[in-house]
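Okay, structure first, notes after.
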Amino acid sequence: MKIAFVGKGGSGKTTLSSLFIRHLAASRAPVVAVDADINQHLGAALGLEETEAAELPAMGERLPLIKDYLRGSNPRISSAETMIKTTPPGEGSRLLRVGETNPVYDACARPVELDGGVVRLMVTGPFTEADVGVACYHSKTGAVELCLNHLVDGRSEYVVVDMTAGSDSFASGLFTRFDITFLVAEPTRKGVSVYRQYKEYARDFGIALRVVGNKVQNQDDIDFLRAEVGDDLLVTVGHSDWVRAMEKGRPPRFETLEEANRRSLHALRAAADATYELRDWERYTRQMVQFHLKNAASWGNAKTGADLTGQVDPGFVLGESHLATAT
């Protein structure tokens, strides 16, 4: 299952995504965690020291390797240089699996040991001073989009992406790459503003969107969120001494997380697992192609000097039938 955590800056989405990742790891589920937020705090939230987090390999810096591997023997892609972030897979492309070993994971992923298990952590890399004026953050997250386009995941396998704050992901097709999106919202007008943006932008794309109310203190907060987001409100999360200790760098064992918050994490997983039966790989592939053709026309053809519409394999539909052949 491919799961995104979104929300405005300061909403607590990184904290909640890290708790969800720990919850999955505690059950020994295969997990790939991806930090696609411009602030790059997921590693620290998973318990890494600052020096360890800073040494994580940036996906954006390894994009040539990623492209070269995923291209495989696809005859429609003349070279890795002609691949862009939206390039779809086709016959001959190499695909990624959650639990396998491959050169992309070798180069970009690092194991993070949690007291419940081990997850693979990948990071886009921070937006640095060198990028100012010459790049936008979507040049970093493009590596994530390309990998998700070539990812085949099955039941009880999880890819959890901590997205950049606000509605920035709508500048690309990345927001359509998930089985479910959890939007973290505080019980304030500003807190639900990103929800309204997401709901508006996503309505024509079949996005499964559920709201996680965070920093909820009382019933009035719950009533406010319910009035603003209706049935999209899935769970609420309140104060956590466990989280406070984690933020101080002294996390207790995960099994001591407050029972109410553990129940909320169970509800998140149940909601994610329920989307498995709703998967529509044809729509998923169609949306992938739609955004690729749009990007090809607007900038991709000019940048690469090639007609990128020819990269689309009209007979190819990504799906779990490719799990056995993913290499």
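Per-residue accessible area for residue 282 at 1.4 Å probe radius, Å² rounded to 10?
Solvent-accessible area, nearest 10 Å²: 120 Å².
Note down the nm distance, to one decimal, between modelled labels 7 Å out along Cα→Cβ at residue 39 and at residue 280.
Reported label-point gap for residue 39 and residue 280 is 3.5 nm.
Heavy atoms of the protein only, probe of 1.4 Å, neighbouring chains included. What is the accessible area of residue 15 in Å², nearest 10?
30 Å²
Please sort 35-47, 222-234, 141-153 by packing, taking for each peptide the average over its residues of neighbouring beta carbons within 10 angstrom, highest first. List each step's numbers first, then the result.
Details: 35-47: 22.0, 222-234: 16.1, 141-153: 23.8.
The most tightly packed comes first, giving 141-153, 35-47, 222-234.
To make sure I understand the rule: partners must be lysines, Cα under 23 Å from the Cα of residue 67, and not fewer than 8 residues away in the same chain. Which ones qualify?
2, 85, 140, 294, 303
List the relative contact order of the stretch 31-134 as a percent without decimals, with contacts defined as Cα pairs under 8 Å and 6+ residues apart.
Details: 127 pairs, mean separation 44.7, N = 104.
Answer for the stretch 31-134 is 43 percent.
Given H placed on each backbone N at 1.01 Å, which residues far from residue 159 in sequence or on other chains put an amide H within less than 5 Å of it?
Answer set, sorted by chain and number: 2, 3, 32.
Where both partners of a DSSP beta bridge lie in the chain, what percent of those bridges are antiparallel, to the nearest 5? Please list the in-between numbers first.
Working: 6 of 37 bridges.
Of the beta bridges lying entirely in the chain, close to 15 percent run antiparallel.
Peptides 188-196, 284-292, 271-279: what's the order by average Cβ count within 10 Å, highest mean first?
Values: 188-196: 17.0, 284-292: 18.9, 271-279: 14.6.
Highest mean packing first, the order is 284-292, 188-196, 271-279.
Given points 7 Å out from each Cα along the Cα-Cβ axis, report the residue 227 to residue 80 separation in nanometres with one decimal.
5.6 nm
Skipping prolines and chain starts, which residues have an amide H placed within reach, meaning under 5 Å, of the one on residue 123, given they are 5 or more residues away or on another chain?
Excluding prolines and chain starts, which carry no amide H, the hits are 35, 59.
Only Cα pairs under 8 Å and at least 6 apart count here; give the relative contact order of the chain as a rounded whole percent. Can you show the working numbers first?
Numbers: 575 pairs, mean separation 87.5, N = 327.
The normalised contact order for the chain reaches 27 percent.
If one takes the longest principal axis of the Cα atoms in the chain, at what angle in degrees, from 0 to 90 and to the nearest 10, does the Cα axis of helix 13-26 lie?
Relative to the chain, helix 13-26 is tipped by roughly 90 degrees.
Hey, quick one: spin label on residue 302, modelled 7 Å out along Cα-Cβ, who in the stretch 64-102 has an amide N within reach, i.e. under 17 Å?
What the label zone holds, given the 17 Å backbone N cut-off, is 84-85.
Please give, to one decimal in nm, the separation of the simple spin-label points placed at residue 266 and residue 113, each 7 Å out from Cα toward the Cβ.
It works out to 2.9 nm between the two label points.
Tell me, what is the per residue accessible area of the stretch 280-325 in Å², probe radius 1.4 Å? Display every interim value, and only then the final one.
Numbers: 2520 Å² over 46 residues.
Heavy-atom SASA per residue in the stretch 280-325 reads 55 Å².
Provide the descending list of Cα extents for the chain along its principal axes, expressed in whole angstroms.
For the chain, the Cα extents along the three principal axes come out at 58, 43, 39 Å.
Residue 95's amide H: which non-local residues (gap 5+, or another chain) put their own amide H closer than 5 Å, with H modeled 1.01 Å from N in plane and none for Pro or chain starts?
Under 5 Å from the amide H of residue 95 lie the amide H atoms of 327, each far enough along the sequence or on another chain.
Full-extension gain between residue 324 and residue 54, please, as 0.36 nm times their residue separation minus the C-alpha to C-alpha distance.
Numbers: separation 270, 0.36 × 270 = 97.20 nm, distance 3.54 nm.
The span from residue 324 to residue 54 would gain 93.7 nm if fully extended.
Below 19 Å, Cα to Cα, which lysines can residue 248 reach? Residues fewer than 8 away in the same chain don't count.
By straight Cα distance, residue 248 reaches 13, 215.
The values are calculated or read from the model by the stated rules, or taken from the named source; none is laboratory data. Keep in mind that this is a model prediction, so the values were computed, not measured. FYI the Cβ positions are ideal-geometry reconstructions off the backbone, even for glycines, and counts take in every protein chain you see. The area values use the complete protein model at the heavy-atom level, side chains included, leaving out ligands, DNA and RNA. Shrake-Rupley method; radii C 1.70, N 1.55, O 1.52, S 1.80 Å.
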